[in-house]
1. Look through region 291-322, keep the residues that are aliphatic (A, V, I, L, M) and over 18 Å from Ala256 (Cβ atoms), and return whichever of them is modelled with the lowest pLDDT.
2. Only one of these is surrounded by 24 or more Cβ atoms within 10 Å (Cβ to Cβ) and within 23 Å of Asn341 (Cα to Cα): Tyr170, Tyr166. Name it.
3. Which condition number does Ala134 fail, the rest of (1) modelled with pLDDT of 85 or more; (2) under 31 Å from the mean Cα position of the chain (by Cα) being met?
4. Which of the numbered conditions does His342 fail, given that it passes all the others? Conditions: (1) at pLDDT 85 or above; (2) in contact with a strand residue (DSSP E or B) (Cβ under 7 Å, 6 or more places away or on another chain).
5. Restricting the first residue to region 277-289 and requiring it to be in contact (Cβ under 8 Å) with a residue 60 or more places away in the chain and of a type in the set (Val, Ile, Thr), which pairs with a second residue that is buried (at least 22 other Cβ atoms within 10 Å of the Cβ) and not in a helix (DSSP H, G or I) meet a Cβ separation below 8 Å and a spacing of at least six or different chains?
6. Taking into account only those residues within region 260-288 that are small (Gly, Ala, Ser) and not in a helix (DSSP H, G or I), which is modelled with the lowest pLDDT?
7. Report every pair of residues separated by at least 6 positions or lying on different chains whose Cβ atoms are under 7 Å apart, first residue within region 89-108 and in the same structural domain as Glu72 (by TED's automatic domain parsing), second part of a strand (DSSP E or B) and polar (S, T, N, Q).
8. When region 166-183 is examined, which residues are found to be in contact (Cβ under 8 Å) with a residue 12 or more places away in the chain, touching a Phe, Trp or Tyr at 6+ places or on another chain (Cβ under 8 Å) and farther than 22 Å from Leu254 by Cβ?
Amino acid sequence: MTQPQIKALLASNTLTMRVAEELVAAGVYTSLQTARKEVAGYRKLSGMIEGHHVSDDGRQMETDIGKGTAKEVFTVDNPPTCLEDALTQSRADLDVWELDKWVWNHWAGRYQVKLWFKQREQAAEDVFAGLMDAYRLSAQRTPRPAAQGSGVGVVALADFHFGMDYKGDYKNDPFNVDTLTDTVRRVADRVNVMGYEEVHVCLLGDFIESFSGTNHVDTWKHLSEYGWEAVRGVTELIRTELIGRIRNVKAVYLVAGNHDRTSMKKDLDPDGQAAKMVADLLDMTVAVPVHFDYKLLNPIIDGVQYILTHGDKGLSSRDMLALTLEYGSQHLYNVLLQGHNHSRKTVKGYRHAIQENTTCLEESNVRKITVPPLVTGGAYSASLGRHSTAGLTIIRRSGRGIDHLDAAA
């Protein structure tokens, strides 16, 4: 169900129960009872109360959601002298309704005021704010699993591509939500085997395959979920199967990828709003700090400076020493982590040649690591000849540098 479809459904004159049923069928909610409660509450908060209502003092309010119109009738002791006077005495939510016309007349010794309204156009952000609030209320807050352990581990994951439904080819196995879920569970189990006292989870973007279904011309052919369902689905996956399974998670860090835009073209949403929604939903529903930036994060973890990017933006193509000089620390060991390539290959450019190393590049105080993807292949990556096994990166401080494990998932 796309954003316009959700908006039209919420604003329609359809019975609340029927709206709830459609949202459950579309995967926006899993419980009909929860959906019905949240739809009713959202409509009430938005001033979209259907039918004809009379308050205890005789004030009347008629609302036609299908047409987006409303009429308010009330009586006062003195006639309103101007429009502002009439609106001051109105109980309509003027953030939702705008005045279309009004009159007053003398009626039974008092003055009757009639106001006709049109519903204001709701911004897409308002629609998603309502859905996100509903998700927050319906999702049980995930506690942080705890256990005895030692040391601090940094776990980096990239390229979830939730919602892709790829049947496979001569080189790639099928990839879908179920295979991704199994992979994430194995990741959590692998991290728990390490027995860390403190775990920092770094998520490097491309959380969904597509929001609009049109990242590429034929993206829609290989999707099982997109739009709000994809955002909600990958959030649930991270919340329950990753943060809810890994023991001793201390913090979560997210950056946006090129697939996390909500628009067809990148220049219409360069900030990866789908990734921001995932971060906001996690922040609402997990018991650990959640940090997000669409472009870059540079936290210091256990005395090591990390620079986290997805790898698609211009800054990732810069020389790693220049990037470290701008965003890193000259007094600490620096680790640059990025995904995006669906490969463990890291490329270093020179004036006359290109040197290719696998897994990482290193200088005296900086290491650049390309994190393996969780996605194992798709139609577009296959057309580019990109193939990889799923994996994760685990890092632990060691002496003046780090121990770096590139693990299969």
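1. The residue in question is Met320.
2. Values: Tyr170 fails: surrounded by 24 or more Cβ atoms within 10 Å (Cβ to Cβ).
Among Tyr170, Tyr166, only Tyr166 is surrounded by 24 or more Cβ atoms within 10 Å (Cβ to Cβ) and within 23 Å of Asn341 (Cα to Cα).
3. Ala134 satisfies all of (1) modelled with pLDDT of 85 or more; (2) under 31 Å from the mean Cα position of the chain (by Cα) except (1).
4. With (1) at pLDDT 85 or above; (2) in contact with a strand residue (DSSP E or B) (Cβ under 7 Å, 6 or more places away or on another chain) applied to His342, the lone miss is (1).
5. Pairs found: Val278/Phe207; Val278/Leu254; Val286/Val252; Val288/Val249; Val288/Val252.
6. Going through region 260-288, the residues small (Gly, Ala, Ser) turn out to be 263, 272, 274-275, 279, 287.
Restricting the remaining residues to those that are not in a helix (DSSP H, G or I) gives 263, 272, 287.
Values: Ser263: 77, Gly272: 88, Ala287: 90.
For region 260-288, the residue satisfying everything is Ser263.
7. Val96/Gln119; Trp97/Gln119; Trp104/Gln112; Asn105/Gln112; Trp107/Thr75
8. Scanning region 166-183 gives Tyr166, Gly168, Asn172, Asn176.
The values are calculated or read from the model by the stated rules, or taken from the named source; none is laboratory data. If you're wondering where the values come from, they're calculated on a predicted model, not measured in any experiment. Every residue, glycine among them, receives a Cβ derived from its backbone with ideal geometry; neighbour counts consider all protein chains shown.
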